[in-house]
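For reference, the structure discussed in these notes is given below.
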Amino acid sequence: MLELRNVSKRFAGIAAVDNVSFTARAGEVTGYLGPNGSGKSTTMKMITALIEMSAGQILFDGAPIHRDLIAYKRRMGYVPEEPHLYPHLSGLEYLVMVGQLRNLPEKPTAERIDGLLRLLSLHSDRHVPISSYSKGMRQKVLLSAALLHNPDLILLDEPFSGLDVATGLVLRSLIQEMAARGKVVLFSSHELETVERVCSRVVILHRGKVKADDSIENLRALMSLPTLEDIFSQLAVEQDTAAVSRQIADLILA
């Protein structure tokens, strides 16, 4: 179980994440939602220990993550929002490097890499430099790297970015399959329809604060709204989207 207790992050005195608390449990897919600038990616980076918290505590299986960061990171897989890869390496070389850095056994890791490359339709381009890969191909490499060591905690920050429809459907099913096999999955995305199909519960963030933390079914019932998009719009969108779209159309079509 992943637990955040009153976590905050301030930059130059301004709160990007403000007193956030929630729990992501094994066997569930927890959606982490919010508009751009709401603090989602900042939260993810604190959970991965890429940036320090200003206040609060993050625990995994009951222990603070900073008590033994190396052990914690061995159990974590992370797909970041931006694909930071080594462009001069091929997809195969990159995954081999990840396996070596994680000190994974050579033969079973090579077999797992080969299987991932085949199943994600990267095998024919495995020796091609990543600099030549499309955004979707790079996303597949990131996903493979995140899952290579069979992590207990899987953090996905906009994992569908750039993926083709077929791979997106595979990833949607994979997320559910990993949760069903006892993984803790925290999934951040702007694709609300996908979140609604995949997630057991959602945490909605707005201006760095938690606005909702519940199952989608309970939120629908409590707010008397039919879809996650409607719930999200009411809790986290300040604009009248229909009015703004009309104004843009009027401006363009004038």
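Bear in mind these aren't lab numbers, they're just calculated from the coordinates by the rules spelled out. These figures come from a predicted structure and were not determined experimentally. Here the Cβ positions follow ideal geometry from the backbone for every residue, glycine too, while neighbour counts run over all protein chains shown.
Once you have the Cα-Cα distance between Gln176 and Ser121, take 0.36 nm times their residue separation minus that, and quote the gain in nm to one decimal.
The Gln176-Ser121 span can extend by a further 17.7 nm.
Specify which residue in the list His66, Gly34, Phe22 is farthest towards the positive end of the charge dipole of the chain, using unit charges on the beta carbon of Lys, Arg (+1) and Asp, Glu (-1), about the Cα centre.
Projecting each Cα onto the dipole axis, the largest value belongs to His66.
To the nearest µm²/s, what D does Stokes-Einstein give for the stretch 1-115 at 4 °C and 1.567 mPa s, using the Kirkwood radius over alpha carbon pairs as Rh?
D = 80 µm²/s.
With every atom except the alpha carbons ignored, what do you get for Rg and Dmax of the stretch 72-153, in angstroms?
11.8, 34
Dimensions of the chain along principal axes (Cα, Å, largest first)?
56, 51, 38 Å, listed from the longest principal axis down.
Enumerate the amide H contacts of Ala212 below 5 Å, restricted to partners 5 or more residues apart or on another chain; note that Pro and chain-start residues carry no placed amide H.
Residues meeting the amide H criterion: Ile204.
For the stretch 123-171, just say rounded, prolate or oblate: build the C-alpha gyration tensor, square-root its eigenvalues into a ≥ b ≥ c, call rounded for a/c under 1.5, and beyond that prolate if a/b exceeds b/c, oblate if not.
oblate
How big is the stretch 20-64 by the Kirkwood estimate over distinct Cα pairs, in Å?
Final number for the Kirkwood radius of the stretch 20-64 is 11.9 Å.
What dipole magnitude, in Debye to the nearest 20, does the chain give about its Cα centre under +1 on Lys/Arg Cβ and -1 on Asp/Glu Cβ?
That gives the chain a dipole magnitude of about 640 debye.
Please turn the phi angles of the stretch 61-78 into ³J(HN,Hα) values with the Karplus equation 6.51 cos²θ - 1.76 cosθ + 1.60 (θ = phi - 60°), one per residue in order, whole Hz, x for glycine and proline.
With the stated coefficients, the stretch 61-78 comes to 6, x, 10, x, 5, 7, 5, 8, 4, 5, 4, 5, 5, 5, 9, 10, x, 9 Hz.
Quick check: residue separation of Asn6 and His66 times 0.36 nm, minus the Cα distance between them. What number comes out in nm?
Here the segment from Asn6 to His66 would lengthen by 20.0 nm.
Modelled label-to-label distance, Ile14 and Ser215, 7 Å Cα→beta-carbon offset: nm?
The two pseudo-label positions are separated by 3.9 nm.
Have a look at Cys199, Val7, Ile231 and report the one farthest towards the positive end of the charge dipole of the chain, computed about the Cα centre with Cβ charges (Lys/Arg +1, Asp/Glu -1).
Final value for the positive-end residue is Val7.
For the stretch 165-224 and the stretch 47-93, write down the distance between their C-alpha centroids in whole Å.
20 Å
Given a Förster distance of 45 Å, report the FRET efficiency between Asp164 and Ala26 from their Cβ-Cβ distance, rounded to the nearest 0.05.
According to the calculation, E is roughly 0.90.
Over the chain, what relative contact order in percent results from Cα pairs under 8 Å that are six or more residues apart?
27 percent
For Ile154, which sequence-distant residues (separation of 5 or more, or a different chain) have an amide H within less than 5 Å of its own amide H, given hydrogens modelled in the peptide plane?
When sequence neighbours closer than 5 places are left aside, the close amide H contacts are Gly77, Val184, Val185, Leu186.
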